[in-house]
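J.: If you scroll down you'll find the structure; I have some questions about it.
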Amino acid sequence: MNVTELLAGLQAQHDETTARASELRDQIQHLTAALAETEARLADLATTAKVIADLAPAGGDPDLPETNTAYQAIVNVFNQHPDQAFRARELHELLNMPTDEASVNIARSRLARQGFLTQPGRGRYQKRT
């Protein structure tokens, strides 16, 4: 290998490393922006939680009455049909509750936490026997 070939090889490595450094800088810039947005969202959520906590009556139940009523209606369906598996959306439709994604997702998360339910299939809930 002569000096010219050695210098050409070093230049190729330099060019590759420069390109990789540029890619990494771009990724850092993107991640920095995403982090700033996420931290702003966390601050907004913390502020919202503080405002709600300040406005909530002292010693009161943090759940709204409508939530407790909806929850009880869902529990009643499972008690009336202990052998039947339901999807969260089916429960909402059966009970004439809102079927928008946010409402159904809230029901899903609450159903998943319940100790008296089993999940016989993905996204399906049934009363534990």
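J.: Charges on Cβ only, +1 for Lys and Arg, -1 for Asp and Glu, centred on the Cα centroid of the chain; of S109, N79, P98, which one is farthest towards the dipole's positive end?
T.: Checked the options; the winner is N79.
J.: Helix 65-80 versus the longest principal axis of the chain: what is the Cα-based angle in degrees, 0 to 90, to the nearest 10?
T.: Value to nearest ten degrees: 70.
J.: Continuing with this model, one more query. By how many nm would the segment from L55 to R108 grow when fully extended, if each residue of separation counts as 0.36 nm and the alpha-carbon distance is taken off? Please list the in-between numbers first.
T.: Details: separation 53, 0.36 × 53 = 19.08 nm, distance 2.75 nm.
So the chain would gain 16.3 nm between L55 and R108.
J.: Efficiency by 1/(1 + (r/R0)^6): what FRET value for R20 and L42, r their Cβ-Cβ distance, R0 = 30 Å, to the nearest 0.05? List each step's numbers first, then the result.
T.: Numbers: r = 32 Å, r/R0 = 1.07.
With a Förster radius of 30 Å, E is 0.40.
J.: Please report how far the C-alpha centroid of segment 1-46 lies from that of segment 77-129, rounded to the nearest whole angstrom.
T.: Computed from Cα coordinates, the inter-centre distance equals 47 Å.
J.: How large is log10 of I(q)/I(0) for the chain at q = 0.09, 0.11, 0.12, 0.15 Å⁻¹ when the intensity is taken from the Debye formula with one equal scatterer per alpha-carbon?
T.: Here the Debye-derived log intensity ratios amount to -0.54, -0.65, -0.71, -0.89.
J.: Same structure, new question: On a 1.4 Å probe surface of the protein chains, which of Y71, Y125 comes out largest in accessible area, and what is the full order? Before the final figure, lay out the partial values.
T.: Working: Y71 85, Y125 15 Å².
Heavy-atom accessible area, descending, gives Y71, Y125.
J.: Keeping all protein chains in place and using 1.4 angstrom, which order do L31, L117 fall into by accessible surface area, from largest down?
T.: Values: L31 110, L117 10 Å².
Order by accessible area, largest first: L31, L117.
J.: Suppose a student asked you for the relative contact order of the chain, using Cα pairs under 8 Å spaced at least 6 residues apart; what percent would you report? Please report the intermediate quantities before stating the final value.
T.: Values: 58 pairs, mean separation 24.2, N = 129.
RCO, the chain: 19 percent.
J.: If you put +1 on each Lys and Arg Cβ and -1 on each Asp and Glu Cβ, how big is the dipole of the chain around its Cα centre, in Debye rounded to 20? Intermediate values should be presented prior to the final figure.
T.: Values: 13 positive and 17 negative charges, 162 e Å.
With only Lys, Arg, Asp and Glu charged at Cβ, the dipole is about 780 debye.
J.: Quick one: which of 99-110, 84-95 comes out on top by average Cβ neighbours within 10 Å, and what's the full order, highest first?
T.: Working: 99-110: 13.5, 84-95: 16.9.
The densest-packed peptide leads the list: 84-95, 99-110.
J.: Points 7 angstrom from Cα along the Cβ direction at M1 and R122: gap in nanometres?
T.: Between M1 and R122, the simple spin-label model gives 5.1 nm.
The values are calculated or read from the model by the stated rules, or taken from the named source; none is laboratory data. It should be emphasised that the depicted structure is a prediction, and the values quoted were computed from it without experimental measurement. Every residue, glycine among them, receives a Cβ derived from its backbone with ideal geometry; neighbour counts consider all protein chains shown. Heavy atoms of the whole protein, side chains included, go into the accessibility calculation; ligands, DNA and RNA do not. Shrake-Rupley method; radii C 1.70, N 1.55, O 1.52, S 1.80 Å.
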